[in-house]
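Only one structure is covered here, and it is reproduced in the block below.
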There are 2 protein chains.
Amino acid sequence: MLSVIKEGIPAIDNSSLVDKVEASLVQLLQQQKLKIGDPIPKEMELATTLGVSRTVIREALLRLRMMGLIESKKKKGAVITSPDVFGNISKSMNPYILDQETLKEMFELRLVLEIGMADLLFNRVKKEDIEELKRIVANEPPVTQYHLFNIEHEIAFHGKLYEISGNKTMKKFQKMLLPIFDYVHNSGILKEQPFITTFVSHKGLVDILEKGDADKFRAGMRNHLENHFKRLF
Amino acid sequence: MLSVIKEGIPAIDNSSLVDKVEASLVQLLQQQKLKIGDPIPKEMELATTLGVSRTVIREALLRLRMMGLIESKKKKGAVITSPDVFGNISKSMNPYILDQETLKEMFELRLVLEIGMADLLFNRVKKEDIEELKRIVANEPPVTQYHLFNIEHEIAFHGKLYEISGNKTMKKFQKMLLPIFDYVHNSGILKEQPFITTFVSHKGLVDILEKGDADKFRAGMRNHLENHFKRLF
DNA sequence: AAATGTATTATGTCAGACATAATAAAATTA
DNA sequence: TAATTTTATTATGTCTGACATAATACATTT
């Protein structure tokens, strides 16, 4: 059998030229400790240096660009950028492209994030934030007719929370999640919207954020999102 | 002033040819309701149909491939795939590429997720899951010397939780976050590791998952992660 | 010195060619 | 005839060379 000599056979590299160049470039970016904004060598230089055609270089650079590692400008060449982790996948975050399973999981993800972020909020919230939240809440319709699910107020309020969390990555994540959440909410993926039960209002959450603690906020947020959770389980 | 005629000037199309082709292709994928595995037209066909060179088509296709929308095979052409939202950015999730701010935020993100996932766990956990968790916990070192922070046990336990959550997207997300978390944990980005205080152990969490409720679990998990939180604030 | 025009440069796009791997078709063999 | 091998086909991968275009630097003019 082949198994005898199998050991001696090195794993053949199935990677294409572009793959190698890409790895090479990533390594370059890591090693050289280049600062953000620093230019990387021109396409032709890279091509001659690495001994491949410009086509291959371009494709590899394109990948880096998609990964958010570089940004190419005409004439100026490509410069290093701080990778925007989620910015780049937001394009593929299209409700019409993702399958229902994934869409539902995105929906869940938002709920998980907002319940779990309590500690970040309490450790970073400022007086001005509370005031702005109160201002936002003041403009909301009364709870009795809140089942209209005013999307704008939802975004204003919950978006502000993400902001308070001080976690920009999470905020970007939310921004990406928003259209998905909205789509799932209005599509037939989830169970029917249940009759509205009483729940902690936005105002209630602000109160907790002002006078309560993280544990109370988690419970409050969980309750606030009850109508969403009901549609999951 | 120009402002008079400014209104009449349409926003010039700053997008490149590739941009347009990309948009065109994405639209194609959405409209035609193509099933997963269906092939899309060959590069040359697209080139002639859309009236651009094969180079442009290739670059646009490459973008779709990076977004995880298609997968190209030799001879067979490109086929539609279910986009793996996070799988594609895992490459750029390199600790050495991301800036410290983002790294820290990723660290936080994990904490947020694990506290917020309680409801998913309680609604989806099965008897077998509890048993497996118990098995995992049984193999762990005693709490007294737990400060060794055995990474393997950490991954085994917490990874299982993500699995129980039934949210594959979140699990992928965790998988992507893992190396980041480990890196941040061991780097100088965070505050010094505090002296270990008592906290809810893995075993304690399993107990809660078996007999408690979501609220208790959140509090327990928050406490379990206390040593991580201490390094943040 | 400010505004304008010109030259340069690096990316964007094009076209055509060959290499390569995966598949389909044909030929061979048992 | 069925199974295997050989050959042909096909679509992507890579290469080369060229021109277009936009951003910048330089020179010119006012």
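About the Cα centre of chain B, what is the dipole size in debye to 20, counting +1 per Lys and Arg Cβ and -1 per Asp and Glu Cβ, all else neutral?
Numbers: 34 positive and 31 negative charges, 150 e Å.
Dipole about the Cα centre, nearest 20: 720 debye.
Skipping prolines and chain starts, which residues have an amide H placed within reach, meaning under 5 Å, of the one on A:Ile70, given they are 5 or more residues away or on another chain?
Sorted by chain and number, the residues that satisfy this are A:Arg65, A:Thr81.
Please work out how much length the chain gains when fully extended from B:Gln100 to B:Phe199, using 0.36 nm per residue of separation minus the C-alpha to C-alpha distance, in nm with one decimal. Before the final figure, lay out the partial values.
Numbers: separation 99, 0.36 × 99 = 35.64 nm, distance 2.78 nm.
Contour length minus the Cα-Cα distance gives 32.9 nm.
To the nearest whole number, what is the average tally of beta carbon atoms from other chains within 10 Å of the beta carbons of peptide B:111-124? Please list the in-between numbers first.
Working: counts 4, 12, 6, 2, 8, 14, 7, 5, 9, 8, 0, 1, 3, 2.
If you average over the peptide's residues, the count of other-chain Cβ atoms is 6.
Specify the longest stretch of chain B that does not include any exposed loop site, a site being one of the trypsin sites (Lys or Arg not before Pro) with a non-H, G, I, E, B DSSP assignment and at most 15 other Cβ atoms within 10 Å.
Numbers: sites that count: B:Lys33, B:Lys35, B:Lys42, B:Lys74, B:Lys75, B:Lys76, B:Lys126, B:Lys191.
After excluding every exposed loop site, the longest remaining stretch is B:127-190.
Across peptide A:172-182, how many C-beta atoms of other chains are within 10 Å of each residue C-beta, on average?
Working: counts 2, 3, 0, 0, 1, 0, 0, 0, 1, 0, 0.
Averaged over the peptide's residues, the number is 1.
Just the number please: accessible area per residue for the protein assembly as shown, 1.4 Å probe, all protein chains included, in Å². Mind dumping the intermediate values first?
Values: 24680 Å² over 466 residues.
Counting only protein heavy atoms, the per-residue value for the protein assembly as shown is 53 Å².
Counting only protein heavy atoms and rolling a 1.4 Å probe, how much accessible area do B and A lose on contact, total for both sides, in Å² to 100?
Working: alone 14710 and 14710 Å², together 24680 Å².
Protein heavy atoms only, the B-A interface buries about 4700 Å².
Using the reciprocal of the averaged 1/r over all distinct C-alpha pairs, how large is the Kirkwood radius of the stretch A:100-230 in Å?
Working: mean 1/r = 0.0661 Å⁻¹.
It is 15.1 Å.
Starting from the Cα gyration tensor of chain B, take the square roots of the eigenvalues, sort them a ≥ b ≥ c, and report rounded, prolate or oblate (rounded when a/c is under 1.5, otherwise prolate if a/b is larger than b/c, else oblate).
Working: a/c = 2.72, a/b = 1.97, b/c = 1.38.
Prolate is the answer for chain B, as a/c is 1.5 or above and a/b outweighs b/c.
Would you grab the residues whose amide H sits under 5 Å from the one on B:Ala78? Only those 5+ places off in sequence or on another chain, please, with H modelled 1.01 Å from N.
B:Ile40, B:Lys73
Taking the Cβ-Cβ separation of A:Asn150 and B:Arg124 as r and a Förster radius of 35 Å, what is the calculated FRET efficiency to the nearest 0.05? Don't jump to the answer; show the numbers that get you there.
Working: r = 31 Å, r/R0 = 0.89.
FRET efficiency, A:Asn150 to B:Arg124: 0.65.
Can you pick out the pairs among A:Lys211/B:Lys104; A:Lys73/A:Lys171; A:Lys160/B:Lys191; B:Lys104/B:Lys175; A:Lys175/A:Lys203; B:Lys168/B:Lys216 whose Cα atoms lie more than 20 Å from each other?
The answer is A:Lys211/B:Lys104; A:Lys73/A:Lys171; A:Lys160/B:Lys191; A:Lys175/A:Lys203; B:Lys168/B:Lys216.
Please turn the phi angles of the stretch B:63-71 into ³J(HN,Hα) values with the Karplus equation 6.51 cos²θ - 1.76 cosθ + 1.60 (θ = phi - 60°), one per residue in order, whole Hz, x for glycine and proline.
Values, residue by residue: 4, 4, 5, 5, 7, x, 7, 9, 9 Hz.
Just want the answer: with Cβ charges of +1 for Lys and Arg and -1 for Asp and Glu, which residue in A:Ser15, B:Leu46, B:Leu64 is farthest toward the dipole's positive end in the protein assembly as shown?
Highest projection toward the positive end goes to B:Leu46.
When the accessible area of the protein assembly as shown is computed with all protein chains present and a 1.4 Å probe, what percentage of it is carbon and sulfur?
On the way: 13540 of 24680 Å².
The C+S portion of the solvent-accessible surface of the protein assembly as shown is 55 percent.
Inside 10 Å of the C-beta atoms of B:99-108, what's the mean count of C-beta atoms belonging to other chains?
That works out to 4 on average.
The values are calculated or read from the model by the stated rules, or taken from the named source; none is laboratory data. If you're wondering where the values come from, they're calculated on a predicted model, not measured in any experiment. For neighbour counting, all protein chains shown are included, and Cβ atoms are generated from backbone atoms with ideal geometry for every residue, glycine included. Please note that ligands, DNA and RNA were not included when accessible areas were found on the heavy atoms of the full protein model with its side chains. Shrake-Rupley method; radii C 1.70, N 1.55, O 1.52, S 1.80 Å.
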